[in-house]
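Asks: The structure follows.
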Amino acid sequence: MPVQRIRNFSIIAHVDHGKSTLADRLLELTGAIARNAGQHQVLDSLQVERERGITVKAQTASIFHRHKGQLYLLNLIDTPGHVDFSNEVSRSLAACDGVVLLVDACHGVQAQTVANYHLAKQRQLAVVPVLNKIDIKHANPDQVCQDMKLLFGIDPNEVLRVSAKLGTGVSEVLERVIETIPPPQVQRESDFRALIFDSWFDKYRGALNLIYVLNGKLEQNQDIQSLATKKVYPVKSISVLRPAECPVPGLSAGQVGLIACNMRNSKESIVGDTIHLKNQAASAAGSYSPQQPIVFAGVFPADQSKHVALRSAIDKMILNDSAVTVKVDSSPALGQGWRLGFLGLLHMEVFCQRLEQEHGAEPIITAPSVTYRLVLSNPKMIRQQGRDTMDISNAALFPEPHCIKEYYEPLVLGTIITPTDYVGQVIGLCVERRGLQQSSVNIDETRILMKYVLPLSEIILDFHDRLKSMSSGYASFSYEDHGYHLSHLVRLDIHLNGKPVEELCRIVHVSKATSVARQMVLKLRELIPKQMVQIAIQACIGSKVLARETIKAYRKDVTAKLYGGDVTRRMKLLKQQAEGKKKMRMFANIRVPHETFINVLKR
Ligand code: GTP
């Protein structure tokens, strides 16, 4: 296929604006999947995506379409809409020349629409603006077009109007993609060079790399070399995704395809790396670098004998999610484990759910935290000797207050778009979360765009959910890094029957210490099952107790409902009870269910 007849594009939008539905219609229209096959959202293939109804991984499909008598190859990438997965969007854009910017005709432009639009503009990509869901009765396409004009300078006459659900206007999207998105700027005559922009693990073939070929041509059995590691690999198989894998003899510049070449793990297959032919000098193919994680949590095997298996599962997952970082960690109660960095709480939950569903691992996850920066008054007194500052995300390592001169916490610049009816509540929430308003602009008569500087620790847990529920789902939020600022922090310890549980301790702002303490002990009273002994739950700063709750002693007799003496039935119930207990961890002789560490933070 000549380069002039190739188009590479992503579909970008806010959550639930219909990206995956539009991608399905495009696949149907071009014959890549059967029409009305009863399948929904073919590109959302992960179990976690189907269960949660959201896209978490960008997915690629190569489709063919005839336009004015010529056959075109379109490489389409369906991206996630949630802010926690924006790394997937940046990664996908590195392999594109244009985007379809999809906006819901009912909900209009939302915070993630703005963020994704700017990502595309930074990369100077062509934008095809599309309004979706025009079939819905109360849709207001004219107003949304006006908003797009105000916020992005897009001419309302250029905006396509479609219903991805019914298929209305979808063929015009393909026509517009071909006409307005430029063909890839690549050179076929020069030596082979390609960007790895996604990878995942296959049980039989090792790491599979999704590549975007910038120069030259690649054929099976050629030897390729990684620019980052300098290692050489033989190309075992080449295929394109349509969206199922289709073997092809080779890939030419401008094409997107999948190669297997005996790479084994995330240290060999690096997303953002460049590959070239063996022993040929090459420069980096793309300017993609993964986003930095902002939320950190300890991950430990429930049983130390599963340490190696968990390490291998984490490694395979990281291959597929390059934004996650790993460092070795250890805890007196939980043993050897790792400290993982994520882009948000949903990202962390999805990662852990995928660890369980796709790799059968059952890890214990400790309370997530952001990275605080401390200026030390006496660096010699603590472990990191000789250094004036210390970055800390593990509350258990928080030094004694007399060793700390200054505390700094990370900030974000948040963009909130809300209907004017809810402005009061939204401002109230931002003030409660220690936010400072920077600006406020009326998008139109009914909606307002506000910018707030907020401490990152205040938004990672439930800010988004609260915002959604208080605005009946209409307000939206996205954020970007805004550096560090001076703060006053304390370490809040949780004691169970007088013994501190390191895994539950948290770093909190001093103004929030009492309310967080109260909330945590109440939540723990709910989450920890009654046991043979009475349990005292205390939240303390140093020796000062801020809140206390008690769980009364109780023995659950699982066999109480049994009549008569059927021994096998009795044994079965006791066995089930023992299995359940295995899933708990012992702290101060108290059994704590292993999901408690995350659940205790949810309000
Ligand atoms: P994320 O990937 O999670 O960001 O979502 P998405 O943007 O891919 O949205 P998705 O395609 O999952 O659609 C979200 C919901 O909107 C689904 O319930 C779709 O059935 C519905 N939907 C999508 N397009 C249309 C449309 O044109 N009309 C109507 N009425 N509903 C639509």
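The values are calculated or read from the model by the stated rules, or taken from the named source; none is laboratory data. Predicted model only: the values in this text are computed from it and were never measured. Glycine also receives a Cβ, built like all others from the backbone with ideal geometry; neighbour counts cover every protein chain displayed. For accessibility, only protein heavy atoms count, side chains too; no ligands or nucleic acids. Shrake-Rupley method; radii C 1.70, N 1.55, O 1.52, S 1.80 Å.
Asks: Give the shape of segment 447-563 as rounded, prolate or oblate, defined through the alpha-carbon gyration tensor: a ≥ b ≥ c are the square roots of its eigenvalues, a/c under 1.5 means rounded, and otherwise the shape is prolate if a/b is larger than b/c and oblate if not.
Replies: Oblate is the answer for segment 447-563, as a/c is 1.5 or above yet b/c matches or exceeds a/b.
Asks: Okay, next question. Dividing the Cα radius of gyration by the Kirkwood radius, what Rg/Rh value follows for the chain?
Replies: Working: Rg = 26.6 Å, Rh = 26.6 Å.
Using only Cα positions, Rg/Rh for the chain is 1.00.
Asks: Residue by residue through segment 236-241, what is 3J(HN,Hα) from phi via Karplus (6.51 cos²θ - 1.76 cosθ + 1.60, θ = phi - 60°)? Round to whole Hz and write x for glycine and proline.
Replies: 8, 8, 10, 8, 10, 9
Asks: Run lengths n ≥ 4 of DSSP H only: what is the helix-derived mean residue ellipticity at 222 nm for the chain, with -39500 (n - 2.57) per run over all residues, to the nearest 500?
Replies: Working: 14 runs with 146 residues, N = 603.
Result for the chain, helices only: -7000 deg cm²/dmol.
Asks: Quick check: from the Cα gyration tensor, does segment 134-180 come out rounded (a/c under 1.5), prolate or oblate? Kindly include the intermediate steps, with their values, before the conclusion.
Replies: Working: a/c = 3.33, a/b = 1.09, b/c = 3.05.
Oblate shape, in that a/c is at least 1.5 and b/c is the bigger or equal ratio.
Asks: Taking H placed 1.01 Å from N in the peptide plane, check which residues at least 5 places from Cys106 or on another chain put their amide H under 5 Å from its amide H.
Replies: Sorted by chain and number, the residues that satisfy this are Asn140.
Asks: Here's a follow-up. In µm²/s, what is D for segment 302-363 at 4 °C and 1.567 mPa s, where D = kT/(6 pi eta Rh) by Stokes-Einstein and Rh is the Kirkwood radius from Cα pairs? Please list the in-between numbers first.
Replies: On the way: Rh = 12.0 Å.
Taking Rh from Cα pairs, D becomes 108 µm²/s.
Asks: Give me a comma-separated list of calculated 3J(HN,Hα) values for segment 185-192, in order, Karplus coefficients 6.51, -1.76, 1.60 applied at θ = phi - 60°, integers in Hz, x for any Gly or Pro.
Replies: Along segment 185-192, the couplings run 8, 10, 10, 7, 7, 7, 5, 5 Hz.
Asks: Enumerate by residue number the GluC sites (Glu not before Pro) in segment 153-218 meeting two conditions: DSSP loop (anything except H, G, I, E, B), and at most 14 other Cβ atoms within 10 Å of the site's Cβ.
Replies: Working: sites: Glu158, Glu172, Glu175, Glu179, Glu189; in loops: Glu189.
Those satisfying the criteria are Glu189.
Asks: In addition: For all pairs of alpha-carbon atoms in segment 220-333, what percent lies in each bin of width 10 Å, listed from the first bin to the last filled one?
Replies: Calculated P(r), rounded to whole percents: 11, 34, 31, 17, 6, 0.
Asks: How far, in degrees from 0 to 90, does helix 19-29 lean away from the longest principal axis of the Cα atoms of the chain, to the nearest 10?
Replies: Approximately 30 degrees, to the nearest 10.
Asks: Next up: Given bins 10 angstrom wide, list per bin the percent of all Cα-Cα distances in segment 175-262, short to long.
Replies: For segment 175-262, the pair-distance distribution reads 16, 49, 27, 7, 0.
Asks: If you take every DSSP beta bridge whose two residues both sit in the chain, what share of them, in percent to the nearest 5, is antiparallel? Please report the intermediate quantities before stating the final value.
Replies: Numbers: 113 of 134 bridges.
In the chain, approximately 85 percent of DSSP beta bridges are antiparallel ones.
Asks: So what's the net charge close to Arg447: Lys and Arg +1, Asp and Glu -1, counting the other residues with Cβ under 12 Å from its Cβ? Can you show the working numbers first?
Replies: Numbers: positive: none; negative: Asp147, Asp421, Asp444, Glu445.
Taking every Cβ under 12 Å from that of Arg447, the sum is -4.
Asks: Working from Cα positions, state the angle (0 to 90°, nearest 10) between the long axis of helix 170-180 and the longest principal axis of the chain.
Replies: Here the helix axis deviates by roughly 70 degrees.
Asks: Across segment 63-79, in residue order, what do the Karplus-derived ³J(HN,Hα) couplings come to in whole Hz, using 6.51 cos²θ - 1.76 cosθ + 1.60 with θ = phi - 60° and x for Gly and Pro?
Replies: These are the phi-based 3J(HN,Hα) values: 10, 10, 8, 8, 9, 6, x, 10, 8, 10, 9, 10, 9, 9, 10, 8, 10 Hz.
Asks: If you don't mind, there's one more thing I want to ask. Could you work out the local net charge near Gly108, counting Lys and Arg as +1, Asp and Glu as -1, over the other residues with Cβ closer than 10 Å to its Cβ? Could the numbers behind the result be given before it?
Replies: Working: positive: Arg447; negative: Asp104, Asp147, Asp444.
Taking every other residue near Gly108 into account, the sum is -2.
Asks: A follow-up question, please. Could you order Trp200, Trp338 so the one with the most accessible surface comes first? Probe is 1.4 Å. If you can, show how the numbers build up before the last one.
Replies: Numbers: Trp200 65, Trp338 5 Å².
Listed by decreasing accessible area, they come as Trp200, Trp338.
Asks: Amide H to amide H under 5 Å from Ser199: which residues, 5+ apart in sequence or cross-chain, H placed 1.01 Å off N in plane?
Replies: So Ser199 has HN proximity to Leu210.
Asks: Is segment 1-131 rounded, prolate or oblate when judged by the Cα gyration tensor, a ≥ b ≥ c being the square roots of its eigenvalues, rounded requiring a/c under 1.5 and prolate requiring a/b larger than b/c?
Replies: Details: a/c = 1.67, a/b = 1.16, b/c = 1.45.
Oblate, since a/c reaches 1.5 and b/c is not below a/b.
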